[in-house]
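The structure under discussion appears below in the form of structure tokens.
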Amino acid sequence: FDKDPTHSFAAFFLVAAWLGSVRSSAVPLTMTITMLHQQDDDASSPLPSESTPLVSPKPSTTTTSSSANIDDKRLSLFLFLEAQTPNGLHYESFTILLILLSVLTFILGSLFLPQYNSNSNIAYKCGSTCDAIWFGNYPDNSLQSLGIGATSLIEIFIVGVFTMDYLLRFYTADLIHVKYTGITGRIKFLFSFFSLVDLASTVPFYVDSFLLPNTDLAASNFLRMFRLLRMLKMEGRYDLALGMIDDVIYEQRGVLGTALFVGMTVWGVLSSFFYLAERKNSDMIYCYWCEDVDTSVCTMDEFGFVDCTEAGCPPPGDDDGQEVCWNVYQSIVLSSFWTLMELFGEFPLVDQHSMWGKVLGTITAVFACAVFALPVGIFASGFEAQITARRRKEGEGGESSPMA
């Protein structure tokens, strides 16, 4: 570093940036050291090394210092967005508050819809101004003059902040990983997990407001709930505990595949047995178009089709060719749904089951405890193995384990 005094300053800045990024490993130390050697060994090179995308190369004789200043600003912006600076930590807390506020207004807004809460007095407590500020349930609230449909000031502000946040993250995507460098890299970034989460929670607002403002797409408001997933990248984009999940799945993929095969086999066999036991049980007949039907007078043919004409229901096929009544165990496919419920501990049709159906229900409960508990043990063992391996690796490196 004595070759050029600026190298000492660069070293101090980059090491300080690395120390501030320990929580999310946004700027690894190995990358910092590699960059410093790159500056000394390739000072005359006008292009950055692929292994050091976070640092600008030393400018050549024909290059001004403006490009270095721009890259320094991009690095500072990246560290800010990744909460690696004091102001970045405040911004992260601010975005968490916005996420919680967005979800809370979406949930509470459903209470102020009279068409769905006609028996509640609170449904009429939020007028046009209140709706324009908080919930955006109605297109004719105080923001009607904007011509962007049903929205609120809170939603406009939150979407604006998250849109700018996404654009800045897109701009600095190559500092996350070298694979996001260039046009093709940015395209890869668009399809990354957190990018899709951000897009799913913001793009529907622009579609509803500007492309289809006069259509009823209220259900797209539910996509606001995806903003909760943004909190996964708080306190470090590559959080250790979350990063272990895919490692465990990959390491235990063989055992998990076997457990899945056993579970599917048990599910299919028990569904077949329930079909054989209950397909002629009249208590399992359900009539959608009739009420208070005496299913004991209904008849079933050899294929399981039900005819409840004598019970006062329309003949089969009279209503646009649809079945009027049917047995919920009419086929193995239909039986598999109720069997799955019982495998997960439910027994919804216990009063209608025949004797053999109740026997099968008891057997199903036993198999459910034995078979569907297998993945729990596999994941527990996998996590324990991963933690042990990481502690051993960090111990060999002379570092204390963050999991200890």
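The values are calculated or read from the model by the stated rules, or taken from the named source; none is laboratory data. Quick caveat, the model's predicted, so the values are computed rather than measured. Here the Cβ positions follow ideal geometry from the backbone for every residue, glycine too, while neighbour counts run over all protein chains shown. To get the accessible areas, we keep the full protein, side chains included, count just its heavy atoms, and leave off ligands, DNA and RNA. Shrake-Rupley method; radii C 1.70, N 1.55, O 1.52, S 1.80 Å.
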Restricting to segment 145-200, and then to whatever is more than 24 Å from Leu100 (Cα to Cα), aromatic (Phe, Trp, Tyr) and without any contact (Cβ under 8 Å) to a residue 24 or more places away in the chain, can you tell me which residue is surrounded by the most Cβ atoms within 10 Å (Cβ to Cβ)?
Tyr180
Can you spot a residue in segment 107-118 that is closer than 30 Å to Ile158 by Cβ, open to solvent by less than 30 Å² (accessible area, probe 1.4 Å) and either under 24 Å from the mean Cα position of the chain (by Cα) or modelled with pLDDT of 85 or more (or both)?
yes
Across segment 261-296, what is the total count of residues that are closer than 21 Å to Cys369 by Cα and in contact (Cβ under 8 Å) with a residue 60 or more places away in the chain?
10
In segment 250-275, what residues are out of contact with any Phe, Trp or Tyr (no Cβ under 8 Å at 6 or more places or on another chain), surrounded by 14 or more Cβ atoms within 10 Å (Cβ to Cβ) and among the aliphatic types (A, V, I, L, M)?
Val255, Leu256, Ala259, Val262
Could you grab me the full set of residues in segment 201-227 that are open to solvent by 70 Å² or more (accessible area, probe 1.4 Å), modelled with pLDDT under 80 and within 21 Å of Gly160 (Cα to Cα)?
Leu211, Leu212, Ala219, Phe222, Phe226
Go through segment 135-154 and give me each residue that's modelled with pLDDT under 90, in a helix (DSSP H, G or I) and in contact with a helix residue (DSSP H, G or I) (Cβ under 8 Å, 6 or more places away or on another chain).
Phe135
Subset of segment 179-200 [assigned to a helix (DSSP H, G or I) and at pLDDT 90 or above]
Lys179, Tyr180, Gly182, Ile183, Thr184, Gly185, Arg186, Ile187, Lys188, Phe189, Leu190
Selection from segment 345-373 of residues that are part of a helix (DSSP H, G or I) and open to solvent by less than 80 Å² (accessible area, probe 1.4 Å):
Gly357, Val359, Leu360, Gly361, Ile363, Thr364, Ala365, Ala368, Ala370, Val371
Report yes if some residue within segment 301-319 is hydrophobic (A, V, I, L, M, F, W, C), surrounded by fewer than 19 Cβ atoms within 10 Å (Cβ to Cβ), over 25 Å from Ser272 (Cβ atoms) and at pLDDT 75 or above; otherwise report no.
no
Over 21 Å from the mean Cα position of the chain (by Cα) and assigned to a helix (DSSP H, G or I): does that describe Asp208?
yes
